[in-house]
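Undergrad: Could you have a look at this structure, given as structure tokens, before my questions?
Please treat every number below as a calculation from the coordinates, not as lab data. Everything quoted here is computed from the prediction, not taken from an experiment. Here the Cβ is made from the backbone with ideal geometry for all residues, glycine too, and neighbour counts use every protein chain on show.
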Amino acid sequence: MRHFLVMTVFALAAAVVFGVVAKDSPRDRLLYGLKVFAEFLVIGLVLGWILYFLPF
Amino acid sequence: MSKVETGTEHETAPAKAWLMGTAGWLVPGLGHVLQGKWGRALLLGGAVWACFILGFIMGGHLFQYDGSLLRIPPMIGNLGAGLLYIVPWFMGFGFAEDVRLAALPTFEFGWTFLIVAGLLNYLAMLDAFDIAAGRKS
């Protein structure tokens, strides 16, 4: 599996659980889950680029 | 004279809540299934089971205490998967760090997924507990 796909699957699983557990209404759950999913992906990509330029 | 709230009263959870929490820990999703929360069971249990199975497919392994303190935190994470951890533990399966598996590019993703499966199931277990205790709908 490609690394990005693995990261996406990880983000999806975590976002589903966080969304279902943290909020009460279906709409809030969906929005929060999408937010968590996007945050995982964006932060993962940013960290990946930062680490790419580090020499150690 | 008005009554002053002392704040010393403690809410006690019913035995059913402990039962549902334990069921949810032992089998991911079961705590919600037993309460008729099929949607939540599918989403929460599905996420945990998917992480766990993918973890093994990617070449991961489970952790157990072997004298090294650094093995305890990941073991606690793995233990969150309940029977998914306990059964392989009794069968002696899934704990070995095979050289062929370690050579896979997804090896580290694998054991990370296995740990995350356990950690997510802790959250799912607490959710089942809260629903049974009436703290959540």
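Undergrad: For peptide A:12-25, how many partner chain Cβ atoms fall within 10 Å of a residue's Cβ, on average?
TA: Average per residue, whole number: 5.
Undergrad: Next up: For the modelled label position 7 Å from the Cα of B:I57 along Cα-to-Cβ, which residues of region B:64-107 have backbone nitrogen atoms closer than 15 Å?
TA: Only B:106-107 fall inside the zone, counting backbone N under 15 Å.
Undergrad: On to the next question. In terms of the Cα gyration tensor, with a ≥ b ≥ c the square roots of its eigenvalues, is region B:15-81 rounded because a/c is under 1.5, prolate because a/b exceeds b/c, or oblate?
TA: Values: a/c = 4.36, a/b = 1.59, b/c = 2.73.
Cα axes put region B:15-81 in the oblate bin.
Undergrad: Rounded to whole Å, give me the distance from the Cα center of chain A to that of region B:61-137.
TA: Here the two parts' Cα centres lie 20 Å apart.
Undergrad: If the chain between A:A22 and A:L51 were fully stretched, how many nm would it gain, using 0.36 nm times the residue separation less the Cα-Cα distance?
TA: So the chain would gain 7.3 nm between A:A22 and A:L51.
Undergrad: Can you give the log10 of the normalised intensity I(q)/I(0) at q = 0.12, 0.16, 0.19 Å⁻¹, computed with Debye over equal Cα scatterers of the protein assembly as shown?
TA: Log-scaled intensity ratios, in q order: -0.67, -1.05, -1.29.
Undergrad: Another question, if that's okay. Please state the relative contact order of chain A as a whole percent: Cα pairs under 8 Å, 6+ residues apart?
TA: 33 percent
Undergrad: Next question, about the same structure. Rounded, prolate or oblate: which fits chain A, taking a ≥ b ≥ c as square roots of the Cα gyration tensor eigenvalues, rounded meaning a/c under 1.5, else prolate when a/b beats b/c?
TA: Prolate is the answer for chain A, as a/c is 1.5 or above and a/b outweighs b/c.
Undergrad: Using R₀ = 41 Å, calculate the FRET efficiency as 1/(1 + (r/R₀)^6) where r is the Cβ-Cβ separation of A:E39 and B:T12; round to 0.05.
TA: 0.65
Undergrad: Continuing with the same structure: Could you order peptides B:115-128, B:75-88, A:37-50 by the average number of other Cβ atoms within 10 Å of their residues, highest first?
TA: Result, highest mean Cβ count within 10 Å first: B:115-128, B:75-88, A:37-50.
Undergrad: Between B:F90, B:F52, B:F109, which gets the highest mean-square fluctuation from a Gaussian network model of chain B, Cα cutoff 10 Å?
TA: Checking each option, the largest mean-square fluctuation is seen for B:F90.
Undergrad: A further question on this structure: Please state the shape class of region B:38-112: rounded when a/c is under 1.5, otherwise prolate if a/b exceeds b/c and oblate if not, all from the C-alpha gyration tensor.
TA: It comes out oblate by the Cα gyration axes.
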